[in-house]
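*Asks:* Quick one: the structure is below, questions incoming.
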Amino acid sequence: MNIINFTPIESLLGGLIIGLAVAILYLMRGNYTGISGIYYNVISVNKSGFLWRFLFITGLIIGPVLLSFFSYTDLGFEMPNTNPIIVILGGLLVGYGTQLGSGCTSGHGVCGIGRLSIRSIVGTCVFVGAGVVTVLITRSLGWVVL
Amino acid sequence: MGGAVMMKNIFIPLTSGIIFGIGLVIAGMTNPAKVMGFLNVFGNWDPSLMFVMGGAIVVSMPAFLFIGKKMSAPLFNKEEGFSQQLKKNIDSPLVLGSAMFGIGWALVGFCPGPAIAALTQVDGNVFMFFIAMSIGMLLKKIF
């Protein structure tokens, strides 16, 4: 194991900001910030609570746009694997998997662990574990260079 | 719409989403190379994502476990109150779904939030992932 590209300051700061967003939505509105669930309810046009969910998702796009007006150097953007089959397969797995497992990095990883939910801790260990094994395999097969 | 309803349905969710989106970019979560670097534990490892989750939990945990517990209801949502956790059991859909999600996450480097925030990159591959993810979610409704 070699440690590379480590950005503890930026990532911790970004994490604290994400935590603030989670705390605001919970303490002021009572909802968990599970993005896969919020987004699913928007695209499946669930009429109950559509407006707030739609605006939260819109905010996820407005935030980065606002940030781009400041002279700020972000941590870059690079997609190591742009094979269309992999991109589409990955998207389908993320979409289907987060609905079947009822949560993603934000719902299980941040809100669930923040509430000390055993179910979410198990979910997070499974998706991080599956991710580590997948990267080990794709790197061995030469699909990605990391 | 009254003031409290506007706070609840417009101002709070929009503000939370904007702050969340800014946090994702600052943390480096919208860069798939960094996410895949975090999962590359057995190669050139980038531990940054642990700091993202750690930072987010440090702030959100007191909100869930201490501040929220002292409040009878959320500030602007007395009617619905705090969301109650729906499921507590560890079942096979949780494990199978999380495993599928982890594989997809590692193949491309995007989870749902960053995939949405990264639409601002105006990149064809991000858009393709975003559409496939949306279709995957809707497929779960059918199958």
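The numbers here are math on the coordinates, done by the rules we state, and not lab data. Just so we're clear, the structure is a prediction, and the values are computed from it rather than from any experiment. Glycine gets a Cβ as well: all are built from the backbone with ideal geometry, and neighbour counts include every protein chain shown.
*Asks:* Taking the 0 to 90 degree range and rounding to the nearest ten, how far is the long axis of helix A:8-29 tilted relative to the main principal axis of chain A, both from C-alpha atoms?
*Replies:* Helix A:8-29 sits roughly 30 degrees off the main axis of chain A.
*Asks:* Could you work out how far apart the two model spin labels at residue A:74 and residue B:72 are, taking each label as a point 7 Å from the Cα in the direction of the beta carbon, and quote it in nm?
*Replies:* Between residue A:74 and residue B:72, the label points sit 4.4 nm apart.
*Asks:* Sticking with this structure for a sec: Distance between Cα centroids, the range B:106-143 to the range A:1-59: provide it in whole Å.
*Replies:* Value for the Cα centre distance between the two parts: 15 Å.
*Asks:* If amide hydrogens are placed 1.01 Å from N in the peptide plane, which non-local residues have theirs closer than 5 Å to the one on residue B:45?
*Replies:* A:2, A:3, A:4
*Asks:* Measure nothing but the geometry: give the 0 to 90° angle between the long axis through the Cα atoms of A:118-140 and the longest principal axis through the Cα atoms of chain A, rounded to 10°.
*Replies:* So the inclination is approximately 30 degrees.
*Asks:* What Kirkwood Rh does the range B:33-77 have if only Cα atoms enter the pairwise 1/r average? Answer in Å.
*Replies:* Mean inverse Cα-Cα distance, inverted, gives 12.7 Å.
*Asks:* So what's the angle, to the nearest 10 degrees on a 0 to 90 scale, between helix B:48-62 and the longest Cα principal axis of chain B?
*Replies:* 10
*Asks:* How do A:52, B:45, A:143, B:105 line up, fewest other C-beta atoms within 10 Å first?
*Replies:* Least to most surrounded, the residues fall as A:143, B:45, A:52, B:105.
*Asks:* By its C-alpha gyration tensor, with a ≥ b ≥ c as the square roots of the eigenvalues, how is the range A:19-84 shaped: rounded for a/c under 1.5, else prolate for a/b larger than b/c, else oblate?
*Replies:* Taking the square roots of the gyration eigenvalues as a ≥ b ≥ c, the range A:19-84 is oblate.
*Asks:* I would also like to ask the following. Which aspartates and glutamates have a Cα less than 17 Å from the Cα of residue B:8, not counting those fewer than 8 places away in the same chain?
*Replies:* B:79, B:80
*Asks:* What percent of all Cα-Cα pairs in the protein assembly as shown falls in each 5 Å bin, counting up from 0?
*Replies:* Each 5 Å bin holds this share of Cα pairs: 1, 6, 13, 18, 21, 19, 12, 7, 3, 1, 0, 0.
*Asks:* Mean 1/r over all different Cα pairs, inverted: what Kirkwood radius does the range B:30-107 give, in Å?
*Replies:* Over the range B:30-107, the inverse of the mean reciprocal pair distance is 15.9 Å.
*Asks:* Hey, another quick one. So how strong a dipole does the protein assembly as shown carry about its Cα centre when Lys and Arg Cβ are +1 and Asp and Glu Cβ are -1, to the nearest 20 debye?
*Replies:* That gives the protein assembly as shown a dipole magnitude of about 880 debye.
*Asks:* Same structure, new question: For A:6, B:130, A:70, which order do you get if you count the other beta carbons within 10 Å of each Cβ and list the fewest first?
*Replies:* A:70, A:6, B:130
*Asks:* Under 18 Å Cα to Cα from residue B:140, which aspartates and glutamates show up? Leave out anything in the same chain fewer than 8 places away.
*Replies:* B:91
*Asks:* Over 5 Å intervals from 0, what percent of Cα-Cα pairs in the range B:3-142 sits in each interval?
*Replies:* Final binned percentages: 2, 8, 12, 16, 18, 18, 15, 8, 3, 1, 0.
*Asks:* Here is a follow-up. Any chance you could run the full-extension gain for residue A:83 through residue A:136? It's 0.36 nm times the residue separation minus the Cα-Cα distance, nm to one decimal.
*Replies:* Extra length from residue A:83 to residue A:136 when fully extended: 17.3 nm.
*Asks:* Run lengths n ≥ 4 of DSSP H only: what is the helix-derived mean residue ellipticity at 222 nm for the protein assembly as shown, with -39500 (n - 2.57) per run over all residues, to the nearest 500?
*Replies:* It lands at -19500 deg cm²/dmol.
*Asks:* How would B:87, B:8 line up from fewest to most surrounding beta-carbon atoms within 10 angstrom?
*Replies:* B:87, B:8
*Asks:* Can you tell me, using C-alpha contacts under 8 Å and at least 6 residues apart, the relative contact order of chain B as a whole percent?
*Replies:* For chain B, the relative contact order is 29 percent.
*Asks:* Now for a separate question. Spin-label point model (7 Å from Cα, Cβ direction): what's the residue A:143 to residue A:6 distance in nm?
*Replies:* Taking the two extended label points, one gets 2.9 nm.
*Asks:* Right, another one. Which residue fluctuates the most in chain A, going by a Gaussian network model with Cα springs under 10 Å, if the choices are A:83, A:41, A:31?
*Replies:* Top of the fluctuation ranking is A:83.
*Asks:* Compute the projected area of the convex hull of the Cα atoms of the range A:1-130, averaged over all viewing directions, and report it in nm² to one decimal place.
*Replies:* 10.3
*Asks:* Assuming R0 = 25 Å, can you tell me the calculated FRET efficiency for the pair residue A:66 and residue B:123, based on Cβ-Cβ distance, to the nearest 0.05?
*Replies:* That pair, residue A:66 with residue B:123, gives E of 0.85.
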